[in-house]
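The values are calculated or read from the model by the stated rules, or taken from the named source; none is laboratory data. Quantities reported herein were computed from a predicted structural model and do not represent experimental measurements. Cβ placement follows ideal geometry from the backbone for every residue including glycine, while neighbour counts extend to all protein chains displayed. Please note that ligands, DNA and RNA were not included when accessible areas were found on the heavy atoms of the full protein model with its side chains. Shrake-Rupley method; radii C 1.70, N 1.55, O 1.52, S 1.80 Å.
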Amino acid sequence: MNYQSTRNNKTTIKSSEAIVKGLALDGGLFVPDSFPKISNDEFKLLGTKSYTETAEFVLKKYLTDFTDEEVNNCVTKAYTAEKFGGEDIAPLHKLSDNEYVLELWHGPTCAFKDMALQILPHLLTTSMKKTGVKEDVVILVATSGDTGKAALEGFRDVDGTKIIVFYPQNGVSHIQKLQMVTQEGNNVGVCAVEGNFDDAQNGVKAIFTDSDYAKLLSENNIILSSANSINWGRLVPQIVYYVRSYAKLLAEGAINGEDKINIVVPTGNFGNILAAYYAMKMGVKVNKLICASNSNNVLTDFINTGIYDRNRDFKLTVSPSMDILISSNLERFLYDVTDNDTNKINSWMKDLKENGKYEIDEETRNKIQSLMYAGCCDEESTMNCIGDTKKDYSYVVDTHTSVAVKVYNDYKEKTGDKHVTVIASTASPYKFGKSVLKALSETISEDEFVNLETLYQASELPIPKSLGELKTKPVRFTECCNPSDMKKTVSDILKIK
Ligand SMILES: *Cc1c(COP(=O)(O)O)cnc(C)c1O
């Protein structure tokens, strides 16, 4: 199988090259030139397999230039029972006879980014070896909280890599800061930046585009890379858990081979829901993909009207990982639903860049609407739904998953649809504990560790080990730099003069 850019599909490359490059030179995203199919019999068999076996099965179909041994190596290093608190990696929690929650937050940082970022470093280093890249790779990340920590945990102690994370001094929560400054590993660096997230982000961008500095790094046998969410190596691992959920439902007899399911996804950058769509292309029988947004509802409007318009106020919400106005991975979806029409993609993306807006044709809009339902919910409904879900199902969800549950409840009411439904749960309630406690009308303490206890009493979910132990973990990183000194900080960490 080969890969092509969504903006020019005349040239093709191998999966290892797509993973090393990340983004195509023409600005497009790499996509596979076909979608491998899984037969009904294969799904039935997969239903009895472990997560790692299913991951190997799916990844082999896409990473056809990897050897079986290489895929096996990546998968077994990433998805261990130790890191994911058990063998199941991504358990399906049954809410009711036809409703399931797919818990994607059992990884080391308690959010679904771990599902991809635990394996990406291995896919990347394997790809570098295969394509003859000899340098060490240094991952630079500016983070508003979650991605930086998930990347640190993914890359820690991975041979041939180093990772440096910058976070805004006053722009992350206390717990998020503790998670980063206590980071373990012999190849990690963490530094606060005076300023906000944009200052940190701009500083990282300036380092990436500094060609003199790239030369200096290259003389020191180093290349820079990002753990960007548009890298194929981050997307392909996400297909696995949708294939596995469907296979498990089949194996358990919750559905038969003819039944379709709904998949509900709380969406930001459109990566997670795109993975569900790709699972559907592989043979998962889907009735509707349900795209749930918070009050940054640019995707809801797009799917319902055919007009993508980012010219609107950016809102800070209780589901911050979905506070996004440009959903990069949407480009991959549009490429597929237009039957790979690069002319359309180029013209829409040009409009988006120049005017922050584009409108798709009616045929494409109709096709998208036949596949997807889109809805959004505001802050009050997000909070209320956490309480309602606890009352109705004795189950506590986080603020992002709550958006999905609420949009699904609205959909159910509107349509009466009774298909078996899988709701993607993207964060542990402990990760956004304060908001969850507030939604449950519990007392909130200034001490985050008291809050963990309170939430434990309220939810009966075990406190994630990685959060509980923060209280006693030694702080390793205390440095704070000015945005203009970030390059020097990188050099110091890498011991470059
Ligand atoms: C990143 C994230 C999302 C959004 O996922 P996308 O793939 O960007 O759509 C939703 N919830 C949580 C908790 C996240 O961290």
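Restricting the search to segment 133-164, which residues are closer than 17 Å to residue 179 by Cβ and of a type in the set (Ser, Thr, Tyr)? Selection gives 143, 144, 147. Only residues that are at pLDDT 95 or above and either more than 24 Å from the chain's Cα centre (by Cα) or not charged (D, E, K, R) (or both) were counted in segment 34-44, giving 7. Within segment 418-438, identify whether any single residue is away from the ligand (no atom under 16 Å from the Cβ), under 23 Å from residue 248 (Cβ atoms) and open to solvent by less than 30 Å² (accessible area, probe 1.4 Å), and answer yes or no. Checked against the condition, which is being away from the ligand (no atom under 16 Å from the Cβ), under 23 Å from residue 248 (Cβ atoms) and open to solvent by less than 30 Å² (accessible area, probe 1.4 Å), segment 418-438 yields at least one hit.
Tell me, please, whether a residue that is within 28 Å of residue 24 (Cα to Cα), touching a residue at least 24 places away in the same chain (Cβ under 8 Å) and not acidic (Asp, Glu) can be found in segment 247-263. Scanning segment 247-263 turns up no residue that is within 28 Å of residue 24 (Cα to Cα), touching a residue at least 24 places away in the same chain (Cβ under 8 Å) and not acidic (Asp, Glu). Look at segment 427-441: where a residue is farther than 15 Å from residue 103 by Cβ, no partner that is open to solvent by less than 30 Å² (accessible area, probe 1.4 Å) and of a type in the set (Lys, Arg) sits 6+ places away or on another chain with Cβ atoms under 8 Å. Screening residue 135 on (1) over 20 Å from residue 234 (Cβ atoms); (2) acidic (Asp, Glu); (3) within 16 Å of the ligand (Cβ to nearest atom) shows it passes everything except condition (3). Only residues that are open to solvent by 40 Å² or more (accessible area, probe 1.4 Å), without any contact (Cβ under 8 Å) to a residue 24 or more places away in the chain and closer than 23 Å to residue 81 by Cβ were counted in segment 463-478, giving 1.
Residues in segment 53-71 that are over 13 Å from residue 237 (Cα atoms) and either at pLDDT below 95 or open to solvent by 40 Å² or more (accessible area, probe 1.4 Å) (or both): 64, 67, 68, 69, 70.
Limited to segment 220-262, what total is found for residues that are at positive phi and touching a strand residue (DSSP E or B) at 6+ places or on another chain (Cβ under 8 Å)? Summing the residues that are at positive phi and touching a strand residue (DSSP E or B) at 6+ places or on another chain (Cβ under 8 Å) in segment 220-262 gives 1.
Only one of the numbered conditions (1) open to solvent by less than 60 Å² (accessible area, probe 1.4 Å); (2) more than 16 Å from residue 119 (Cβ to Cβ); (3) touching a residue at least 24 places away in the same chain (Cβ under 8 Å); (4) not aliphatic (A, V, I, L, M) is violated by residue 86, and that is (3). When segment 366-384 is examined, which residues are found to be closer than 27 Å to residue 28 by Cα, in contact (Cβ under 8 Å) with a residue 60 or more places away in the chain and open to solvent by 30 Å² or more (accessible area, probe 1.4 Å)? 369, 373, listed by residue number.
Entry remark, segment 132-173: residues being surrounded by fewer than 18 Cβ atoms within 10 Å (Cβ to Cβ) and polar (S, T, N, Q) number 3 in total.
Among the candidates 197, 208, the residue that is aromatic (Phe, Trp, Tyr), closer than 19 Å to residue 147 by Cα and open to solvent by 70 Å² or more (accessible area, probe 1.4 Å) is uniquely 208. Reported count of residues in segment 138-161, each being modelled with pLDDT of 95 or more, within 14 Å of the ligand (Cβ to nearest atom) and among the acidic types (Asp, Glu), is 1.
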